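Each reported figure results from applying straightforward, stated rules to the coordinates on display, with no laboratory input. Here the structure is a predicted model, which is why all the values come from computation and not from measurement. Counting neighbours? That spans all protein chains shown, and the Cβs are built from the backbone with ideal geometry, glycine included.
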């Protein structure tokens, strides 16, 4: 069966905790789906639990990424492997609400190119997490919504659904952190493509340590923030643009 939604989970040394995330996703998602967990190296502690989980869940695919290190490379690899017309990115730490994967995917099927889970719109909430990170994220998201009319109050949130055709059209430049979310929102604004949002409640991870590097990744977010606001012609693929390749057979 061809999936209607491909769920991509970048993971780094999650160990057995990844099984809790997978249980919640497969329980929550009712659309025909595939779930792709992508890690960096064969030594990553995520690999063993995912491979064992796959023995009972054929919709799961585990991928050891040979295209670079870090979350951006993992997400990009997942998008290259995805078979569905709608791609959802969610985190391995359980902070995102998997019950929203279906409604986000359906928004994309109705015609938007990005459906964002928004912590900062009415009805949304962020519970826990570093204060500095939260302030910066909220300030960027709300100001972009007010000044740039980007279609969402939460451009920086990674938990989004995308139309695969839009990803192919816009290209992906993210090469280090989780800036893919704001990059795609900025490109949708410049290309005049529709973006929608749904309120979400984000919960800080209960176990383990976050891999978000605030200081290292702020300049990348800042670049896409101004890209969304600065007037000009729509972006055209250049040397740094990376387009997702055509889907290929996944590896167990």
Task: Highest to lowest packing among 181-193, 58-70, scored as the average C-beta count within 10 Å - done: 181-193, 58-70
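Which order do the peptides 43-52, 85-94, 13-22 take when ranked by the mean count of other beta-carbon atoms within 10 Å per residue, highest first?
By packing density, highest mean first, the sequence is 85-94, 13-22, 43-52.
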TODO: Could you compute the FRET efficiency for residue 192 and residue 110, with r as their C-beta to C-beta distance and R0 at 22 Å, rounded to 0.05?
DONE: 0.80
Task: Whole-angstrom Cα spans of the range 5-229 along principal axes, big to small - done: 48, 36, 34
Task: Additional length obtainable on full extension of the chain from residue 131 to residue 175, 0.36 nm per residue less Cα span - done: 13.3 nm
Open item on the list: So for each of 173-179, 119-125 I average, over its residues, the number of other beta carbons within 10 Å; can you give me the resulting order with the highest mean first?
Closed with: 173-179, 119-125
TODO: Go ahead and collect, in residue order, the members of the range 25-49 whose backbone nitrogen is under 16 Å from a label point 7 Å along the Cα-Cβ direction of residue 16.
DONE: 45-49
TODO: Express in nm, to one decimal, how much length is gained between residue 23 and residue 203 on full extension, taking 0.36 nm for each residue of separation and deducting their alpha carbon distance.
DONE: 63.1 nm
- [ ] Figure the gain on full extension for residue 146 and residue 165 (residue separation times 0.36 nm, minus the Cα-Cα span) and round it to one decimal in nm.
- [x] 4.1 nm
